[in-house]
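Trainee: Okay, handing you the structure first.
What follows is calculated from the coordinates using simple rules that are stated; it is not laboratory data. Values in this document were obtained by computation on a predicted structure and should not be read as measured data. We place every Cβ from the backbone using ideal geometry, glycine too, and count neighbours over all the protein chains shown.
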Amino acid sequence: MDQKKLYKTVETIANQNFSSEKEMLIEVINQIIDKEEIYVNGGRLWKLNLKEEAYNLLYQTGNVEKIDENFQIIIARYPMFDLIAKERTILGSETDEELRSKGIFKYSASGVGEKLKVDSKSYYEYILALNSGNIDEELRITLNIIATALTSQIKAKRYSHSAKVLKADLDKARELQKSILPEHEYKFQNYMLFGITDPAEIVGGDFFDYLEVGDEQERLGVTIGDAASKGVAAAAEAMYISGALRMACNFEIKITSLMKRMNQLVNKIFADDKFSSLFYGELSRDKGGLFLYSNAGHNPPFFIRSKSDEIIYLNPTGPVLGPSPHAKYTVENINFEIGDVLLIYSDGITDSANEEFEGYGEERIINLLRKNKHLSPKEITYSILEDVVKFSKDGKYSDDKTLVVIKRVM
């Protein structure tokens with residue numbers, strides 16, 4: 001029989017919907033026996049029992065005398081299993097007396113599935129043994145192709161299942177992370193805010209939050225964090241820091257104490273190769289537009305004066321969270337006038353690169369900020385994010401991107 005055709009035949013049979021691997025393997029055996037051109041008149045399927053270090057009879061069919069359904073072959077007593085592990089498919093003379101008593105004097109057997117460890121040696125999960133009137137090289141090739149096709153299908157189905165489970169877990173993680181993020185748009189006293197985060201993967205290490213401080217909402221905490229690296233590990237760190245910040249803000253502690261405690265928590269909870277940058281600031285009812293902030297190693301936000309286009313950098317006031325448990329943080333301040341805009345962002349914005357590996361950089365952000373300062377925070381945010389995405393669409397590097405824009409409107 002044509003070898004490629006045989007492989008596709010087995011693949012087609014195995015690719016149907018089955019409730020279990022056993023059901024799939026049995027169906028393949030039955031259909032192979034029914035095909036006259038394959039010259040197989042019976043078969044048995046054995047499954048490795050790791051605990052008992054033996055192969056148990058799983059299924060038998062065809063024009064062969066049946067053996068006890070509970071029949072078991074101990075691996076240590078049957079050297080041919082070592083040979084199958086090495087060569088996959090073998091032809092041989094039967095040595096087991098009970099099998100010989102059933103008229104089985106010659107056999108063809110092939111390993112199917114993954115290889116599992118038994119006393120430092122590896123053995124196939126399944127053994128497929130086929131009976132034929134011609135135990136020859138052609139049968140060995142046929143059985144080898146069947147075993148190869150079946151193994152491929154078993155692995156594909158397992159990987160598919162694992163991928164579905166992983167996707168489901170990641171979807172849950174994404175929904176959890178989304179639930180922690182606040183609504184994009186927010187109004188506090190004389191200020192309008194808009195924030196957005198765009199993870200490079202399904203989940204990311206960036207976060208932002210609006211935190212109501214005080215029983216009568218006297219102050220509003222605004223924060224952006226960026227956990228080192230990307231993906232699930234970074235997302236876990238980001239969610240932890242975000243949750244800890246929310247709890248800490250309930251106690252109305254000073255900003256310097258807040259940053260100190262966050263640093264100690266990250267140092268204690270996460271591995272010594274983990275760290276996070278964090279920017280935290282507070283708006284208040286102060287008529288003079290006072291904004292207090294502390295910057296733990298985060299890239300400096302841009303504050304633009306509406307009347308003069310002056311750009312003020314809100315530089316770090318302490319190191320990133322984590323590596324230095326006794327680090328100190330200071331508090332700085334700016335004052336908003338009507339029309340002034342503060343842009344807080346993660347380095348996924350400035351580090352986004354095009355196909356020439358040129359980074360987006362700060363200058364492009366500042367130019368857009370000056371050009372669009374008269375717009376709403378939402379419009380400013382999207383103008384920057386869309387420009388970054390357009391700039392880096394053919395680039396090779398991508399990181400989480402987060403933007404928060406604060407504008408004094410009254």
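Trainee: Between residue 72 and residue 356, what is the label-to-label distance in nm when each label sits 7 Å out along the Cα-to-Cβ direction?
Mentor: It is 7.2 nm.
Trainee: HN-Hα J couplings of segment 67-80 from phi, Karplus 6.51/-1.76/1.60, θ = phi - 60°, integer Hz, Gly and Pro as x?
Mentor: Working through the residues one at a time gives 10, 4, 4, 9, 5, 9, 10, 6, 4, 5, 8, 10, x, 5 Hz.
Trainee: Hey, got the dipole for segment 265-393? About the Cα centre, +1 on K and R Cβ, -1 on D and E Cβ, debye to the nearest 20? Could the numbers behind the result be given before it?
Mentor: Values: 14 positive and 19 negative charges, 98 e Å.
So the magnitude is around 480 debye.
Trainee: Can you compute 3J(HN,Hα) from phi for each residue in segment 400-410, using the Karplus curve 6.51 cos²θ - 1.76 cosθ + 1.60 with θ = phi - 60°, rounded to whole Hz and x for Gly and Pro?
Mentor: Using θ = phi - 60°, the values come out as 4, 10, 9, 9, 9, 10, 10, 9, 7, 9, 9 Hz.
Trainee: Report the full-extension gain for the segment residue 269 to residue 212: residue separation times 0.36 nm, less the Cα-Cα distance, to one decimal in nm.
Mentor: 18.0 nm
Trainee: Name the long-range amide H neighbours of residue 402: under 5 Å, sequence gap of 5 or more, or other chain; modelled H, no Pro or chain starts.
Mentor: Excluding prolines and chain starts, which carry no amide H, the hits are 198, 346, 348, 349.
Trainee: Could you work out how far apart the two model spin labels at residue 148 and residue 371 are, taking each label as a point 7 Å from the Cα in the direction of the beta carbon, and quote it in nm?
Mentor: With each label placed 7 Å out from Cα toward Cβ, I get 5.8 nm.
Trainee: Amide H to amide H under 5 Å from residue 41: which residues, 5+ apart in sequence or cross-chain, H placed 1.01 Å off N in plane?
Mentor: HN-HN under 5 Å from residue 41: 131, 132, 133.
Trainee: What is the calculated FRET efficiency for residue 86 to residue 30, with r their C-beta to C-beta distance and R₀ = 41 Å, to the nearest 0.05?
Mentor: 0.90
Trainee: Compute the FRET efficiency between residue 115 and residue 394 as 1/(1 + (r/R0)^6), taking r as their Cβ-Cβ distance and R0 = 56 Å, and round to the nearest 0.05.
Mentor: Result of the calculation: an efficiency of 0.85.
Trainee: Another question about this same structure. Would you please give the FRET efficiency between residue 306 and residue 156, computed as 1/(1 + (r/R0)^6) with r the Cβ-Cβ distance and R0 = 41 Å, to the nearest 0.05?
Mentor: Approximately 0.10, to the nearest 0.05.
Trainee: Still on this structure, please answer the following. Please list, by residue number, every one of the GluC sites (Glu not before Pro) in segment 306-405 that is coil in DSSP and has at most 15 other beta-carbon atoms within 10 Å.
Mentor: For GluC sites (Glu not before Pro) across segment 306-405 that sit outside H, G, I, E and B with at most 15 neighbouring Cβ atoms in 10 Å, the list reads 310, 337, 355, 356, 358.
Trainee: Still on this structure, I have one more. Measure up 35/115; 268/378; 328/371; 287/373 against 32 Å on the Cα-Cα distance and list the ones that go over.
Mentor: Over 32 Å Cα-Cα: 268/378; 328/371.
Trainee: Right, something else. In whole angstrom, how far apart do the alpha carbon centroids of segment 13-52 and segment 109-142 sit?
Mentor: Each part reduced to its Cα centre gives a spacing of 12 Å.
Trainee: Per-residue HN-Hα couplings for segment 242-248, Karplus 6.51 cos²θ - 1.76 cosθ + 1.60 at θ = phi - 60°, whole Hz, x for Gly and Pro?
Mentor: So the J values, rounded to whole Hz, are 4, x, 5, 4, 4, 5, 5.
Trainee: Using a simple spin-label model with points 7 Å from Cα along the Cα→Cβ vector, what separation in nm is obtained for residue 261 and residue 5?
Mentor: So the label points at residue 261 and residue 5 sit 7.6 nm apart.
Trainee: Sketch the reach of a paramagnetic label on residue 363 as a point 7 Å from Cα along Cα-to-Cβ, and name the residues of segment 294-337 whose backbone nitrogen lies under 17 Å away.
Mentor: The answer is 311, whose backbone nitrogens lie closer than 17 Å to the label point.
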